[in-house]
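Asks: My questions all concern the structure below.
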């Protein structure tokens, strides 16, 4: 009772306001990072994986948030009035209590489902923010209430547009089943054995998706310094199977091969063998070959890799002039010793480098006889996606005999995967949206179809400097496609999908399920492999199963004679074999 007598109503009110303002400041900061600079999100996202396994949602964490927040406020009162003389002890206690309480209250503030577990970051940011408030806010309580209201409005402007999108998607699209794996370490191997990062491939561990009888074997591969984030978002690489070997090209254009059977036999060591080539002489873009650690040119890299009729085809970011970039394609005869590449084509149209976003450049290739289907992103200049005289934001059909080209479809942002369906005239395509709004599209090869970007999209803009979802006149992102004369996607990945951000990538037929029109879709940020069942007649997806791989999936290839899939992962770089149990 003696403690409570020392507390005035004004003190209670001040401490509550102080807590809410600090919480809003921190939450606003995290939302700004989410919306404006995704590389900052890497450490935070990885940390959330631990908490996500507990199945936390905005509903289950609300009572936790309230309870811990009340505990925080009470403990602060305790620290202010008890007999402790050590300011250091008080500061440490306040610091720890706030850190853990804010971790919970953040769930309540986050209206849509995007798990938050930023404890380490909060611990770093709490002290300077608390110092700032105590220096300014606590001495001028008259400005505290307006400041709190401003912060609440700021945060709601970030969250509400995304929440509205989430509700729309729930009403129009089905949710998915998702599976988390169990790790099975193969104890037969000597885990202490070190490997030469430039040549040797080793089995690491096995993930078991027991509910669906699927397994994922993981293998170390060269090189850890090629991690997607270490190289400023440079692609780790792409795979192609040829005879009993796998060709691997990394984002720098370095070519390797290794024996597939030896790799899958976990008791036999296999080596990455370097292949010489003239790729640095043929490609006119020095940024592709440079180490980009800590620099911004990591995304100017190899963008696609395919083998067709015993020739290798490589798509990449070409430099038409020191200030202008576009897509280019090389080809060369397969060799295990030395490959001489030639330029198949380099588009004359280019985007000013300072205005280009080469991360949304497409570059996926699909072959059918002498026809090449090529995806071309809008390079961050969405105005070209609706321009029929531009290559950007399109899927192109290129005749390899005479290099004539025509537009198959337009209105794309960043098409990342294409695959044939059982219908000769239909291909299925995966595409990055802006924030959320990743799409799966069915494209009719007999008609030039328009998929709406940037006029219609289920994406949300990344936000301006305030973090508020903004309206851009030339990119209105109207949600409906049909109302504006465009073709609707058959599925959209929204903010409530497992993993939050998705970044759907490569797509390939699902040969495990040949009784249905089924495909596997890789993802980047979500770190899931999705299995989808397609109903072509209804132009819809009937079912989605998600396998939580826990790593960015850059490329996926089918091993025909073993009925398995080979994946390249990039955070950290690993090889993976995905297969069904017997």
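Asks: Taking 0.36 nm per residue of separation and subtracting the Cα-Cα distance, what length does fully extending residue 536 through residue 349 add?
Replies: Additional length available on full extension: 63.8 nm.
Asks: Further question: Can you sort 305, 486, 336 so the residue with the fewest Cβ neighbours within 10 Å comes first?
Replies: Sorted ascending by nearby Cβ count, the order is 336, 486, 305.
Asks: Could you tell me the distance between the Cα centroids of the range 406-450 and the range 496-575, to the nearest Å?
Replies: When both Cα centres are located, 16 Å separates them.
Asks: Given a Förster distance of 35 angstrom, what is the FRET efficiency for residue 291 paired with residue 268, based on the Cβ-Cβ distance and rounded to 0.05?
Replies: The calculated FRET efficiency here is 0.60.
Asks: On to the next question. How large is the convex hull of the Cα atoms of the range 177-580 per residue, expressed in Å³ as a whole number?
Replies: Measuring per residue, one finds 146 Å³ for the Cα hull of the range 177-580.
Asks: Next up: Modelling each spin label as a point 7 Å along the Cα-to-Cβ direction, I'd like the residue 284/residue 508 distance in nm, to one decimal.
Replies: 3.5 nm
Asks: Okay, next question. Is any residue of the range 307-326 close enough, with backbone N under 12 Å, to a label point placed 7 angstrom from the Cα of residue 389 along the Cα-Cβ axis, and if so, which?
Replies: Under 12 Å, as judged by backbone N against the label point of residue 389, lies no residue of the range 307-326.
Asks: Something else now. Report the full-extension gain for the segment residue 310 to residue 582: residue separation times 0.36 nm, less the Cα-Cα distance, to one decimal in nm.
Replies: Taking residue 310 through residue 582 to full extension adds about 94.6 nm, to one decimal.
Asks: What is the extension gain from residue 223 to residue 516, computed as 0.36 nm multiplied by their sequence separation minus the C-alpha to C-alpha distance, in nm to one decimal?
Replies: 101.7 nm
Asks: Using the alpha carbons of the range 204-319, what is the convex hull volume per residue in cubic angstrom, as a whole number?
Replies: Expressed per residue, the convex hull around the Cα atoms of the range 204-319 is 137 Å³.
Asks: Using the basic label-point model (7 angstrom from Cα toward the beta carbon), what is the residue 478 to residue 404 distance in nanometres?
Replies: 3.5 nm
Read the figures in this text as sums done on the coordinates, not as results from a lab. The shown structure was predicted, so the numbers you read here are calculated from the model rather than taken from an experiment. Using ideal geometry, Cβ is built from the backbone for each residue, glycine included, and neighbour counts are taken over all protein chains shown.
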